[in-house]
1. Run the dipole for the range 145-211 about the Cα centre, Lys and Arg Cβ at +1, Asp and Glu Cβ at -1, nothing else charged, and hand back the magnitude in debye, nearest 20.
2. Picking from ASN340, ASN177, ASN330, which is most flexible by a Gaussian network model of the chain using Cα springs under 10 Å?
3. How much length is gained on full extension from ILE85 to LYS199, taking 0.36 nm per residue of separation minus their Cα-Cα distance?
4. Distance between Cα centroids, the range 220-253 to the range 307-350: provide it in whole Å.
5. Restricting attention to the range 297-399, which trypsin sites (Lys or Arg not before Pro) occupy a DSSP loop and are surrounded by at most 10 other Cβ atoms within 10 Å?
6. log₁₀ I(q)/I(0) of the range 235-376 at q = 0.09, 0.17, 0.21, 0.22 Å⁻¹, via Debye over equal Cα point scatterers, no solvent, to two decimals?
7. Going down the list LYS256/LYS325; LYS134/LYS188; LYS99/LYS325; LYS56/LYS325, which pairs span over 29 Å between their C-alpha atoms?
8. So for the chain, averaging the separation of alpha carbon pairs under 8 Å that are six or more residues apart and normalising by length, what relative contact order in percent results?
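FYI, it's all coordinate maths here, none of it is from the lab. Not measured: the values here are computed from a predicted model. When we count neighbours, we look across all protein chains shown, and the Cβ atoms used for this are built from the backbone with ideal geometry, even at glycine.
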Amino acid sequence: MNTHEFINKLNNRYFNGELSVPFCEQMGQLPMDRPDVFAFVQRMFAFMKSSGLPAKDVSLLQADVISTLLARILPGAWEGRIPPITVQGRHAVVDQYIKNNSWMSSGGKKMLDIGCGFPPFTTLESADYLNDWKITGADPSLPAYLIYDADGNYATLDEQKSTVYFQPAMPSVESWNQLLSDSAATKKRFENLLDELLKQSVTEGFPRVEINPIRSYETERISFITGGIGQITIQPQDLIRCFNVLYYFDAQFQQKALQWFAQQLNEGGILLFGGDWAVSTECYYDIYRKENGQLVSKEFAFSIDCICPFGIVTWYCLHEDEPQKAKLMNCIRMIREDKNFMDSFYAFHDAQRARYNLCARDKEGYYGSIAPDMQPQVLWTLAGTMLTELNDAGFNQKAA
């Protein structure tokens with residue numbers, strides 16, 4: 001089966017053949033040599049269908065991301081490792097929730113941010129906002145070396161000086177593709193650059209090298225540990241945040257993770273886990289509190305843009321039995337089944353897309369793409385503005 005046959009099959013199965021011709025043509029760029037990508041896309045389309053998403057609400061921007069970028073960021077592109085992707089401002093709304101939540105009753109202010117990524121932007125932002133908390137960031141991919149090339153693209157390398165991960169200075173589809181068109185060559189280039197920079201002791205400007213770079217971020221309130229779920233030893237915490245991690249694992253692992261989280265929490269402490277993207281768009285999370293030694297579910301919430309997102313985090317996961325994703329799809333479907341709400345939502349949201357020129361509907365009613373020269377930072381700033389406007393207009397409360 002070639003790529004076009006695969007897309008046509010999914011179109012017929014999940015959208016009754018109603019996806020637009022431009023969308024299907026764009027999806028034809030999926031790499032045929034990556035069965036993990038094909039499986040991911042099929043799972044994503046299944047989630048779209050289960051949430052009640054119609055074909056006209058899947059945008060050409062999403063087709064571009066799925067077809068050209070997805071293969072570059074899945075673990076299959078990184079020798080099975082979860083890439084430590086991090087985006088500044090990603091957890092801003094989550095930080096606000098932590099500061100004002102009414103569930104925590106442990107009495108302390110110690111937080112474990114597990115899966116913090118590198119560089120640990122969101123952990124540092126949390127420490128700035130929650131300025132009376134002590135925060136420990138943990139990630140299995142914290143590097144021994146961090147290097148920047150002359151263009152500001154960076155790579156992390158392990159103690160054996162092997163490339164673990166790399167990322168463009170501005171993570172657009174085009175810049176990612178420049179680095180990943182030949183990932184083996186890019187890895188080798190960074191490894192050679194490391195050898196050169198170590199000989200010259202270049203530690204400022206571009207290019208440069210930083211040795212054991214995570215230590216430069218530590219303060220009396222911020223510390224870091226190398227390791228993931230079940231791999232670290234830490235004193236009991238009052239709050240554990242685990243975002244954009246568990247959707248890489250199946251339901252069985254998640255159950256074991258919940259048991260481990262319970263062991264790491266003080267009585268009355270809370271667990272906050274879920275997913276999100278830039279400027280807290282496509283945000284969803286569960287809240288558990290430790291009561292009598294057990295985790296007890298207290299709340300599930302998600303941002304209103306999940307019903308019609310710009311990105312793909314809403315459907316992003318590696319296992320079809322991922323319980324949190326199934327819960328999110330069920331909630332979205334219930335909202336979408338309310339015709340009066342959706343008519344009001346579309347009237348408001350489609351006008352937003354047209355006003356900001358972000359994936360506006362074409363003459364046939366399909367969501368389109370963005371201007372080719374629009375930078376990611378501009379895109380997500382506008383998407384965040386639109387989410388704020390949706391909330392200010394009361395759509396989050398109406399949905400609830």
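1. The dipole magnitude comes to about 100 debye.
2. ASN340
3. Full extension of this stretch gives 38.1 nm more.
4. Computed from Cα coordinates, the inter-centre distance equals 27 Å.
5. Listed in order of number, the matching sites are LYS363.
6. -0.37, -0.99, -1.28, -1.35
7. LYS134/LYS188
8. Contact order relative to length: 17 percent.
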